[in-house]
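Remarks on the structure that follows.
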Amino acid sequence: AQAPSSLPGPGPGPGPAGNWKKNLPDVRWRFAKPADMAKAFGIEQYPADPPADWALPFPPAPGGNGSTPPGAGPGLASGPAPAVSSRSDGGLFHVAVASDEAQFPGLAACVNSLLRAASRPESVHVHVIVPLGQEGRARNLLACRGGGAEGVGGAGKGAGRVPRPAKLDVVAFDDARVRPLIRVDVRKEKVSNLASALNYARFYLPDLLPRVRTILYVDADAVVLGDVCALLEGLRARPGGFIAAAVPWEEQYRRRYWRPILHRNFAHRYGFRMRAEDTSFNAGVVALDLGAWAARNLTGDVEWWMRTHKANMLGLWTLGSQPLWHMTLYRRWVPLPPAWNVAHLGWEEDLGSEHLAGAKVLHWTGRRKPWLEDGMYRYAWLPHSGLPECGGRGACDLGAGPGQNPCRPLDPTYWVASALPTWSIDRGNSTADGNATAAAGAQEDSESRRARH
């Protein structure tokens, strides 16, 4: 698999059309030596290490060290940088969760769990990011299933009340800017909603939250069991600062979904080459310094890669938004303890208790989300789900208007069938037979009451 002799230009062009077959991924790259890969890709003339200021949170000004925001110390650029000077955490711990309506059930469980696990929930500011036009539906669901509203919504079987946070915002995400740039090359049946624009909302957090400095982003298909206050407090006190922090994962840069032309584009754009043996991370749980992100215009970097990927005939990678993180933050992130992203719960069977023990975040990567009929490891998710919604005393009306109670009272003749979840709460996946039996029993009970009255 020889690479074309000519390097691609810095623009989003598709590359030499005559060499398109040579851009196909090859499983042999998983076992190739880095020097052989660089030679085959035609990038051996580029250094293997980034510039000295590459990983600094802020671009260094003359006399500065790049670890302090401009205008915040001696020897730095005169005058504050607008992207940084207006940002302050205000003594709060900021957490963002993004979800479209397909993952609203997970959204409620994620918010409920992180507030219960926080040592100072009264100092937590939750930012819920949803598609434009679905803000009211998200607020209603959170009210019905907990979401930090004391005394409202269901607490979940075996869980206590959801503490009230300092603030909970529902932020609308307009995908008009990113939607034309999205390209996902994957079989639909293999991975769930990778093409959802909400997967890309994380790249626009500096624009969506212009006053926030440091934030923890968590996917909606996760349950948070660790103290987000302690995590963010430790990152803020980190010497030298940080741009991003995440749990290290296995090597990704030699995987089959990285096409050789991507390595050439990376080297040509940044002036050094990626090391195929470097570790990467999953961005389902990632802490960000939004001031540093904005100062380096990493959103613009992401959009450049998206345009280049879409313009190339075969694309630069397969799958969705994950490779964008790997390139934009290559060697710019710091590791979190592995317990902060215990993943694979949505596809890997037979995960033992030792895999889940001590987890601070349980992450249902994969198609089998815990709120679906074929969901996996429901016993770990259900206590935080807010089910039965409305505390079992009503049904949630997601379309309720402002000022209206989204919990509609149930007809007492059928409340058993409507309010209770139809899956069993055990340490295994529920079965269709169990669901049918529960529903049939509820219906029989309802019919007997109607006969008596």
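I'd like to verify a number: residues in the stretch 82-139 that are open to solvent by less than 20 Å² (accessible area, probe 1.4 Å), hydroxyl-bearing (Ser, Thr, Tyr) and assigned to a helix (DSSP H, G or I), how many?
So the answer is 1.
If residue 239 passes every condition in (1) assigned to a loop (DSSP other than H, G, I, E, B); (2) modelled with pLDDT of 90 or more; (3) touching a Cys at 6+ places or on another chain (Cβ under 8 Å); (4) of a type outside the set (D, E, K, R) but one, which one does it miss?
Here residue 239 clears every test but (3).
Taking the stated definitions as given, is residue 442 in contact with a Leu (Cβ under 9 Å, 6 or more places away or on another chain), small (Gly, Ala, Ser), outside any loop (DSSP other than H, G, I, E, B) and modelled with pLDDT of 55 or more?
So residue 442 does not fit the description; no.
Looking at the stretch 308-324, which of its residues are aliphatic (A, V, I, L, M) and assigned to a loop (DSSP other than H, G, I, E, B)?
313, 314, 316
With the structure loaded, tell me whether residue 261 is of a type outside the set (Phe, Trp, Tyr) and under 18 Å from residue 361 (Cβ atoms) or whether it fails that test.
In short, no.
Look at residue 357 and say whether it is touching a residue at least 60 places away in the same chain (Cβ under 8 Å) and of a type in the set (A, V, I, L, M, F, W, C).
On the way: touching a residue at least 60 places away in the same chain (Cβ under 8 Å): no; of a type in the set (A, V, I, L, M, F, W, C): yes.
When the stated conditions are applied, residue 357 does not pass them.
Every residue, every condition in (1) open to solvent by less than 50 Å² (accessible area, probe 1.4 Å); (2) without any contact (Cβ under 8 Å) to a residue 24 or more places away in the chain; (3) part of a helix (DSSP H, G or I), yes or no:
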site	(1), (2), (3)
202	yes, no, yes
205	yes, no, yes
210	no, no, no
216	yes, no, no
223	yes, no, no
246	yes, no, no
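Restricting to the stretch 248-267, name every residue that is open to solvent by less than 40 Å² (accessible area, probe 1.4 Å) and either of a type outside the set (D, E, K, R) or modelled with pLDDT of 95 or more (or both).
Scanning the stretch 248-267 gives 252, 253, 258, 260, 261, 262, 263, 265, 266, 267.
Given the conditions (1) charged (D, E, K, R); (2) within 23 Å of residue 48 (Cα to Cα); (3) buried (at least 21 other Cβ atoms within 10 Å of the Cβ), which single one is not true for residue 275?
(3)
From 304, 317, 325, grab the single residue that is within 26 Å of residue 196 (Cα to Cα) and at pLDDT below 90.
Numbers: 304 fails: at pLDDT below 90; 325 fails: at pLDDT below 90.
One residue alone meets the criteria, 317.
Those residues that are over 18 Å from residue 278 (Cβ atoms) and among the β-branched types (Val, Ile, Thr), I need them from the stretch 312-358; list them, please.
318, 342
When the stretch 279-329 is examined, which residues are found to be among the hydroxyl-bearing types (Ser, Thr, Tyr) and either free of Cβ contacts under 8 Å to residues at least 60 places away in the same chain or under 21 Å from residue 214 (Cβ atoms) (or both)?
Answer for the stretch 279-329, where residues must be among the hydroxyl-bearing types (Ser, Thr, Tyr) and either free of Cβ contacts under 8 Å to residues at least 60 places away in the same chain or under 21 Å from residue 214 (Cβ atoms) (or both): 279, 280, 299, 328.
The values are calculated or read from the model by the stated rules, or taken from the named source; none is laboratory data. Here the structure is a predicted model, which is why all the values come from computation and not from measurement. With ideal geometry, Cβ positions are generated from the backbone for all residues, glycine too; neighbour counts draw on all protein chains shown. Heavy atoms of the whole protein, side chains included, go into the accessibility calculation; ligands, DNA and RNA do not. Shrake-Rupley method; radii C 1.70, N 1.55, O 1.52, S 1.80 Å.
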